[in-house]
Amino acid sequence: MFVIDQEKTRKILVDEYGYKPINADLFLKRFPPIHDELADVVATWLDSREIQDISIGGLALKDVMQIQRCHFLIAIQYLNRLLDEDLSPKEKEAHIQSLRTPPVIW
């Protein structure tokens, strides 16, 4: 499992994504360890903000970002969940379907 560099990520969230420092801290407090299949993608993004092509469960990272209208780190969390061994096949399929469905924005 890959543990994200909290200090570096906090700086990116605040300086580049416009998070307030307290919100960046809260986001990172809940950020899970990343499965090895996603570790290189996350490390590359932390260094250069390059978003590599990767698919998990038939879902491409860039597609998840677009459909869910989210930034890289949130999309990584979504895909990371699909790699959890404790997720049943039924739960995995439901998660995949939810990621393929745009959120309702009021």
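Given an 8 Å cut-off on Cα distances and at least 6 residues of separation, report the relative contact order of the stretch 6-99 as a percent. Don't skip to the answer; put the middle values down first.
Working: 58 pairs, mean separation 19.9, N = 94.
Once divided by the residue count of the stretch 6-99, the mean separation gives 21 percent.
Using the structure shown, list the pairs from K20/K90; K11/K92; K29/K92; K11/K90; K62/K92 with a Cα-Cα distance above 27 Å, or answer none.
Pairs exceeding the cut-off: K20/K90; K11/K92; K11/K90.
What's the local net charge at E91, with K and R +1, D and E -1, over the other residues with C-beta under 13 Å away? Provide the component values of the computation, followed by the final result.
On the way: positive: R81, K90, K92; negative: D84, E85, D86, E93.
Result for the neighbourhood of E91: -1.
Which of the following values of mean projected area of the Cα convex hull in nm² was calculated from the structure shown: (i) 10.2; (ii) 7.1; (iii) 7.8?
Calculated mean projected area of the Cα convex hull in nm²: the matching label is (ii).
The numbers here are math on the coordinates, done by the rules we state, and not lab data. Source: prediction; values computed, not measured. When we count neighbours, we look across all protein chains shown, and the Cβ atoms used for this are built from the backbone with ideal geometry, even at glycine.
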